[in-house]
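Worksheet: the structure to be examined is printed underneath.
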Amino acid sequence: MSNPLQLPGVGSVVTLADFGTVVLYLVLVAAAYTAAVALRAGQGRPKLLEAARLAAYGTSALILLGVLLLSYAFVSHDFSIRYVARYSDRATKWWYLLTALWGGQDGSILWWLFLTSLNTAAAVSWLRGRYRQLQPYVITTLMVITGFFAILMIFAANPFQTYVGGALRDGEGLNALLKNYWMIIHPPALYMGFVACAVPFGFAVAALATARLDNEWIVAVRKWMLFAWLFLTLGNVLGMVWAYEELGWGGFWGWDPVENAAFLPWLTASAYIHSTMIQERRSMLKVWNIVLISLTFFLTIFGTFLTRSGMIASVHSFAKSDIGLYFVVFMGVIVATTVALLVWRWPLLRARSHIESVASREAMFVLNNWALLALMLFVAISVMFPWITSKLYGEELLLGAPHYNLWAPPIGLVVYALMGLAPLFGWRKTSNAALREAFKWPLGALILGTVLHVSLGGVLGYPPIVEGDAPFPGPVGVFMQKLSSAYPLITVALSFFNVAVIAQEFVRGVRARQQAALKRKQHEGLLTALVRLVDKNRRRYGGYVVHLGIVSAFLGFTGQAWTLDHEVSVQPGERFDVGSYEMTYSGSYSCPGSPQCTPEQQADQEKRMVFAPLAVARKGRSIGQMFPAKFIYKREATTEVALRRGLAEDLYIALNAVNPGEQRATFEVHVNPFVGWVWIGALVMVLGAALSLWPEPGDRPLGAWTYVRAGAATASAVFLGMLLAMTPARTAPTARVSAPQLVPPAN
């Protein structure tokens, strides 16, 4: 049944769906009004600025009302609304009804708009009394973006659209792959990273429109872009965790087109965070920084276009629809506006200085930017390659993971090396003596890491050289084969180098503080000096913490070189070995039905669960049972992996198939070294970004930055909880042989 609503002053009863559609129209009208008033305020009517600010709050409130209406439609099972019927049913648990809000195309666009409104409201609040010349154009830009998404929903993806024949008795239910707790937080985190890029883009447009192109707008944008980067990182990593636990293929990154689309703006945002320091310090790269901000925002829209246009096939993508044309037009508007403004203000964008020496920090940052942009272009072209070939040759040529794994690592390792090199150089020019002193300990660490890996790596089961086949015939193929075989050794050596650089920066800073204290006839202990050092320059040392997290993640990525993969088909009672693990299959059982099921499993009417327990031992010592499973829903089945985590390696088991008659089961087993270091690295990166976001001593109260700090703290808490949830005691309850259960993460 459709939910009727009696509105005050309205004689007839309107449905919730009708009211929701009216709200979407009101959002469009409010956004257009706000943009017009804000633009007029920037053209000589400053008294209108307060009206524009209030209208921006009102527009955000209307968007919130739309989200609340759709949420109510889900919890009240209003199956007259097509979106509700397609992505929920009466058996869907309430927390997955929350996931369903962004589980489909129409609702995800409304959710995107809602997060945009949160950022808009926070930006307007923070701007009170600040940057009054820039404010009108920032608000105008944000309202144009809001208006675009309102138009998109009204004319192409209305989440309140109803069935002509009336309400259904029950819904179709949420996609089984989305019934995973990571999907409750992964899309909101990633979307928050996407939409947060709109605020820096608004400042870039405002700076160009007002010709205020000094460092004023760069300082204003600094933490907004870092906030966006934090949530882009968080969203990408949570997506990796979801893929690792839910898709059952044994890995966490498969270079899926939608994964790549989310990765692209992260690369350009990372480039901007580094290049902005050059403009702040040397008044250089003004055009470059505007291009990076605009490109980052453009890539967030481009990624959304790829996901929703049906142009590419992906396990993550939404159904093919007609909204692609809307995105193409909007992307054209973004490019045209940016180019026109850049051409208009070109005389004012000339650099006041230039790079004086290759041996300088700014030169290293520029090289780092080029490497990040090269990786972005490689991934973007590879993602679009099937579409390009279909237009040129009438046939799609797909580029799979081997293509990316061949060409992306060399670029990534260049970025990794430059990450460590940049802090060793001074600004403007670095003398030979200073370079020798700066490189002494990091080069020693690099040599030490190389020697240790060569001498001990093979003994410990992590050989420094992992031979593989040539990717293609000819000298280039042989060269790439030799290079790729040395990736583990190169990565480990660079990791030692980078850790030494980070440690050296902290040691130098602490010593400088202690010496300064002695000159004042004071004493600062080691810990006191370290805390005060970081407290006085949180942005710089927070960045070094982020770099430390990247080192941890790179070590986790390197573990893929030593992965063991094994597929086996066994009868009940048969044993098989994978690496140092011995496994015995004891036969399958189904829930509900089997006496081995828990009471919760017996009562579950949403799905049928097929478990295939394995008794697992390592080097002759039993470590309990693991329970890979298949969950069969109304329309699809999911693979529920059994996962035993550890810092050294993960034991990952997926049940591919079970013959119900003879109970022969086919398992896919992966021993994945160092995956846990990827998650630890992500946690460290988020904590480092949160440290950089925290206001510096002496900063004015930021008002809306309370929102930013809360977001950063929430992100950190999420990751901390994730890390605790991944400890072996939680994720491997397999020692309880008498109580069969699926090893979390199960769903």
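Couple of notes before you dig in:
- With the simple model of a label 7 Å out from the Cα in the direction of the Cβ, R352 to L392 spans 4.5 nm.
- Gyration tensor verdict on region 205-350 (Cα atoms; rounded if a/c is under 1.5, prolate if a/b is larger than b/c, oblate otherwise): oblate
- If the chain linking F472 and R90 were pulled fully straight, counting 0.36 nm for each residue of separation and taking away their Cα-Cα distance, it would gain 132.2 nm.
- Peptides 136-142, 487-493 ranked from most to least packed give 136-142, 487-493, packing being the mean of other C-beta atoms within 10 angstrom over each peptide's residues.
- For the chain, the Cys residues with no second cysteine's beta carbon closer than 4.7 Å are C197.
- Scattering profile of the chain at q = 0.06, 0.07, 0.08, 0.09 Å⁻¹ [log10 I(q)/I(0), Debye over alpha-carbon scatterers]: -0.41, -0.56, -0.73, -0.93
- Overall, the anisotropy analysis places region 1-174 in the prolate class: the square-rooted eigenvalues a ≥ b ≥ c of its C-alpha gyration tensor yield a/c not less than 1.5, with a/b exceeding b/c.
- Electrostatic tally near S431: other residues with Cβ closer than 14 Å to its Cβ, Lys and Arg +1, Asp and Glu -1, net +2.
- Label-to-label distance, nm, for residues given as A336 and R130 (7 Å Cα→Cβ offset): 3.3
- Unsatisfied cross-links (Cα-Cα over 25 Å) in the set K179/K634; K286/K440; K429/K482: K286/K440; K429/K482
- Within the shell defined by Cβ-Cβ distances under 12 Å, the residues around L285 carry a net charge of +3, with Lys and Arg each +1 and Asp and Glu each -1.
- Hits among lysines - C-alpha to C-alpha of K519 under 27 Å, sequence gap 8 or more where chains match: K536
- The lysines within cross-link reach of K391, meaning a Cα-to-Cα straight distance under 28 Å and a gap of 8 or more places when in the same chain, are K320.
Every number here is computed from the coordinates shown, using simple stated rules; none is lab data. All figures in this text were calculated on a predicted structure; none of them were measured in a lab. Reconstructed Cβ throughout: ideal geometry from the backbone, glycine too, with neighbour counts over all protein chains shown.
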